[in-house]
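Structure first, then comments.
The values are calculated or read from the model by the stated rules, or taken from the named source; none is laboratory data. This structure is a prediction, so every number in the text was calculated from the model and none was measured. Here the Cβ positions follow ideal geometry from the backbone for every residue, glycine too, while neighbour counts run over all protein chains shown.
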Amino acid sequence: MTREEKASSVAELREVIDRSTGMYFTDFEGMTVEQTTRLRNDLRKAGLTFKVAKNTLLKRALDDAGRMSDPLRAALVRQTGVAFGFDDPVAPARILRDFIEKNQDKPALKLAYVEGQTYPGKDLKKVAALPTKKEVISSILGSLNAPIQGIVGVLGALQRDIVYLVDAIEKKKAETV
């Protein structure tokens, strides 16, 4: 690989790293070509990206992006493939969890990097169980909306009670006349 090719590869990796909110570093050693193709297709269907690159190029791109850490540096050994998540940083974890369960623990997850937080590979199921951003936002909005709905209910009940009271007074007057 020439210097220009390496620089181009690092720039491409850096661009994907900059856009990503979740990165999942896998060791795909021992996987067949068919398994790797299926994994790539599963990730692609979900709008995710899977890249395989030399560890030195990944390290350089991570350094350039300001995302390199000691756990990441330690994870970049042997063959490394990276699944990138963009809008939903946990989406790759769910796909990887399902794929790994079906394929006798291949690929092995080395490390997950989700919005600045690193998780060891053994925590894949915990990461995959995290709610999506949409779920968190809807939960927060629901919590904010609940008191407002309560106030609307109280005001509606107050109006209803006033109508019943006026109706009862009117009936009472009609009976006395």
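Residues of segment 40-62 that are outside any loop (DSSP other than H, G, I, E, B) and of a type in the set (D, E, K, R): 40, 42, 44, 45, 51, 59, 60. Scanning for something acidic (Asp, Glu) and either assigned to a strand (DSSP E or B) or in contact with a Leu (Cβ under 7 Å, 6 or more places away or on another chain) (or both), does segment 22-39 turn up at least one residue? Yes, segment 22-39 contains a residue that is acidic (Asp, Glu) and either assigned to a strand (DSSP E or B) or in contact with a Leu (Cβ under 7 Å, 6 or more places away or on another chain) (or both).
Restricting attention to segment 91-107 and to residues that are of a type outside the set (S, T, N, Q) and in a loop (DSSP other than H, G, I, E, B), the residue that is surrounded by the most Cβ atoms within 10 Å (Cβ to Cβ) turns out to be 107. When restricted to residues that are touching a residue at least 60 places away in the same chain (Cβ under 8 Å) and over 20 Å from residue 43 (Cβ atoms), segment 60-96 contains 0. Note on segment 1-59: residues that are without any contact (Cβ under 8 Å) to a residue 40 or more places away in the chain and among the aromatic types (Phe, Trp, Tyr) amount to 1. Against the numbered list (1) in contact (Cβ under 8 Å) with a residue 60 or more places away in the chain; (2) in contact with a Phe, Trp or Tyr (Cβ under 8 Å, 6 or more places away or on another chain); (3) not hydrophobic (A, V, I, L, M, F, W, C), residue 103 comes up short only at (2).
Residues in segment 1-10 that are in contact with a helix residue (DSSP H, G or I) (Cβ under 8 Å, 6 or more places away or on another chain) and either in a helix (DSSP H, G or I) or among the acidic types (Asp, Glu) (or both): 6, 9, 10.
Can you find a residue in segment 108-126 that is more than 17 Å from residue 74 (Cβ to Cβ), out of contact with any strand residue (DSSP E or B) (no Cβ under 8 Å at 6 or more places or on another chain) and surrounded by 15 or more Cβ atoms within 10 Å (Cβ to Cβ)? Within segment 108-126, not a single residue is more than 17 Å from residue 74 (Cβ to Cβ), out of contact with any strand residue (DSSP E or B) (no Cβ under 8 Å at 6 or more places or on another chain) and surrounded by 15 or more Cβ atoms within 10 Å (Cβ to Cβ). Yes or no: residue 67 within 21 Å of the chain's Cα centre (by Cα), in the same structural domain as residue 119 (by TED's automatic domain parsing) and assigned to a loop (DSSP other than H, G, I, E, B)? Judged against the criteria, residue 67 is a match. For residue 135, the conditions (1) modelled with pLDDT of 75 or more; (2) part of a helix (DSSP H, G or I) all hold with the exception of (1).
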